[in-house]
């Protein structure tokens, strides 16, 4: 699997270099979040993490750092202003990070435009890490996480949607779980949540938000992202700042594990081996028996332009 993964990563590097002009480091961890852009899916949390990694490299360029290429892709609904702002921010952060000589090959950021099935076919087989980081209790199920699992990517995620069942299948030691669970989210709602508390007590998140707010990533239009910082600090409906510290610590665990390629590959194989439950065959069988009350049949349809007689001859 390591060899085929390396080939997939190399092919994706070449494809994205032609498409975007960005030269990627195929030896870096390919960290991917591809799904529609929405506040509850928390692409903004991923973006805050990128900014913090950038700040860490800038503060101490000689410190050991596990190279990472973060790819975020997806589309926003036409009238969804905040989602469009999130896309703009990802691109703006990428422009700063990718052109900083101090950062070099250690960190790259790519926004994958026009995300669609044909692009997914190139991206998903090359992924090392799959980001499934929606607020616990908001994702109905999600299937992107399963596609990454089937292709041997490890998952960093919350106990939300199908992540819960994936964890049951592969075991908690083969997935990186962080953040509040549904009960803890509800408890925080009851107690009352104030994002400013986290802003004031977490220096890294404070610095990242201040940079976004001051126009560090948008020098030609310093006020460009004021709506985003306002949402983060005054209308953080999806508890990004409450989960931020746990997310950062979990990402450090991911980086440490990536340096042990033997252990990482073992986890990837266990992900693939335990993905059987998520096959469409199993799903349709359950629908047939439990919903429609019929016994599934395994009769195969003949291929196009082939009669049943041809099928018998083959046997």
Q) Tell me, which residue of segment 120-147 that is part of a helix (DSSP H, G or I), modelled with pLDDT of 95 or more and out of contact with any helix residue (DSSP H, G or I) (no Cβ under 6 Å at 6 or more places or on another chain) is nearest to residue 251 (Cα to Cα)? A) 123
Q | Lone qualifier among 68, 42, 36 - being at positive phi and surrounded by 13 or more Cβ atoms within 10 Å (Cβ to Cβ) | A | 42
**Q.** Of all residues in segment 162-205 being more than 29 Å from residue 54 (Cβ to Cβ) and touching a strand residue (DSSP E or B) at 6+ places or on another chain (Cβ under 7 Å), the one that is surrounded by the fewest Cβ atoms within 10 Å (Cβ to Cβ)
**A.** 167
**Q.** Failed item, numbered, when residue 158 is tested on (1) over 30 Å from residue 92 (Cα atoms); (2) in contact (Cβ under 8 Å) with a residue 60 or more places away in the chain
**A.** (1)
Q) What is the number of the single condition among (1) touching a residue at least 24 places away in the same chain (Cβ under 8 Å); (2) more than 24 Å from the chain's Cα centre (by Cα) that residue 223 does not meet? A) (1)
Q) Which one is farthest from residue 48 (Cα to Cα), of the residues in segment 94-115 that are crowded, with 20+ Cβ neighbours inside 10 Å and within 17 Å of the chain's Cα centre (by Cα)? A) 112
Q | Selection from segment 71-90 of residues that are exposed (fewer than 14 other Cβ atoms within 10 Å of the Cβ) and farther than 21 Å from residue 223 by Cα | A | 77, 78
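The values are calculated or read from the model by the stated rules, or taken from the named source; none is laboratory data. What you see is a predicted model, and the numbers here were worked out from it, not measured in a lab. Here Cβ is always computed from backbone atoms with ideal geometry, including for glycine, and neighbour counts include all displayed protein chains.
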